[in-house]
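To keep things clear, I will list the structure first and then write my remarks on it.
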Amino acid sequence: ASAAAGGTGHFVGFFCTARGEPKWWDVVISPILGANGKPERILSVSRDVTKRKHAEMNLAFLAAVSHDLALWTNVDEMMTVVAAKMAAHFDLTICAFVEVDEAAEQVVVSHDWHREDVPGLVGVYRLADFVGEEFVRLARAGEAIIVGDTTKDERTNDVKFAALKIASFICMPLNRNGQWRFALCLFRSQPHLWREDEIELTRELIARIWTRLERLNAEEALRTSEEQYRKLFNSMDEGLCIIEMIFDEHDNPVDYRFLEVNATFEKQTGMSNATGNRVRELIPNIEPYWIELYGKVAKTGEAVRYVNVVKGLGERWLDVFAFRLEGPGSLKISVLFTDITARTKTEKALRQSEQRFRALFDRGPIAMYSCDVS
């Protein structure tokens, strides 16, 4: 209607090709004027933007999952909700979180989501019953195992998988300290050619889910057991410090002192010999919001999760969880944090790249088009 009235119509929509291949299209519809200067015919130009659309949807999904992960404090509920969302995004029949015991040559499916017409997978399984040595070798090396059809892949036992109504899957392993510890498995009941963007999204998801799972376990341990706390303090992968707030005569937070830091603290912050020193001595231009944040935790006793930059540490972005120690009146705060600078820069670069591409494509001085080559 817009084109027929002399204007231009534009939309992005989903439609399958004549061969049934699902595609996303960017469509521009414009008028072709006749001799009388009025629209006589209509020109429709469609560009295949499937890859771009998949990237946009994956980034949005990843952001949504990351947001959800930050909110959950219960492992079981978190796993259930996240699995259901992944199943919807990937169009799965089963999504499973797997803990691996290499010494016992078995895996434990601790949590899963499954469609009503397929069996659930929660339970203990022997690796050798389902997969061959090559499968295990790849997993131990941290490589994704992609199976498009279990009946044709020599690495899988097709009979065992058929009994579970599994015909294709992605198994994304996660290794820690040289051992295969965890896996995120996405299953379909029909053969499927997994796309590269689906594989990369799964790789990013397992890292974030496992990090959050470790963090939840760490937070629980810190609250409930001094012995467990001490073990985690000295061995965990995240930075951890105990600080003591300093208030002025008007009861306003003005500084804090580092009472104790773990081994990862220096790696995550770049600061050495922090114990016993005040933060304003180490970072004179520390942003006020960090001191205000910890001061509020000390006063209210309410734990907080916060993401922001510390410019005095070389523009480091930190994902922080802080809570008060020793009850009401205490000025001691436990700060658990992760340096997410690289991830933040990557996400920013992806957004800028898309913006530059869109500006070039829409407003560039040269004609551009995309097409399939047969």
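Only one of the numbered conditions (1) open to solvent by 30 Å² or more (accessible area, probe 1.4 Å); (2) part of a helix (DSSP H, G or I) is not met by Arg215, and that is (1). Restricting attention to segment 275-287, the residues being open to solvent by 40 Å² or more (accessible area, probe 1.4 Å) and either closer than 20 Å to Leu259 by Cα or in contact (Cβ under 8 Å) with a residue 40 or more places away in the chain (or both) number 8. Condition first: basic (Lys, Arg) and modelled with pLDDT of 80 or more. Can you find one or more residues in segment 213-233 that meet it? For segment 213-233, residues basic (Lys, Arg) and modelled with pLDDT of 80 or more: present.
One residue stands out among those in segment 187-214 that are under 16 Å from Thr151 (Cα atoms) and touching a residue at least 60 places away in the same chain (Cβ under 8 Å): the one that is nearest to the chain's Cα centre (by Cα), which is Phe187.
From Phe265, Phe258, Phe323, grab the single residue that is in contact with a strand residue (DSSP E or B) (Cβ under 9 Å, 6 or more places away or on another chain), assigned to a helix (DSSP H, G or I) and either open to solvent by 20 Å² or more (accessible area, probe 1.4 Å) or not charged (D, E, K, R) (or both). Unique residue meeting the criteria: Phe265.
Glu99 - would you say it is surrounded by fewer than 18 Cβ atoms within 10 Å (Cβ to Cβ) and over 26 Å from Val82 (Cα atoms)?
Judged against the criteria, Glu99 is not a match.
Checking the conditions here, which among Thr50, Thr8 is hydroxyl-bearing (Ser, Thr, Tyr), closer than 30 Å to Met86 by Cα and touching a residue at least 12 places away in the same chain (Cβ under 8 Å)? Spell out the reasoning first.
Values: Thr8 fails: closer than 30 Å to Met86 by Cα.
The unique qualifying residue is Thr50.
Among the residues of segment 296-320, which ones are over 20 Å from Glu347 (Cβ atoms), part of a helix (DSSP H, G or I) and open to solvent by 10 Å² or more (accessible area, probe 1.4 Å)? Listed by number, the residues that qualify are Lys296, Lys299, Thr300, Gly312.
The values are calculated or read from the model by the stated rules, or taken from the named source; none is laboratory data. Bear in mind the structure is a predicted one, so any value in this text is a computation, not a measurement. Because the Cβ atoms are built from the backbone with ideal geometry, glycine has one as well, and the counts that use them run over all protein chains shown. Keep in mind that these areas ignore ligands, DNA and RNA; they rest on the heavy atoms of the full protein, side chains included. Shrake-Rupley method; radii C 1.70, N 1.55, O 1.52, S 1.80 Å.
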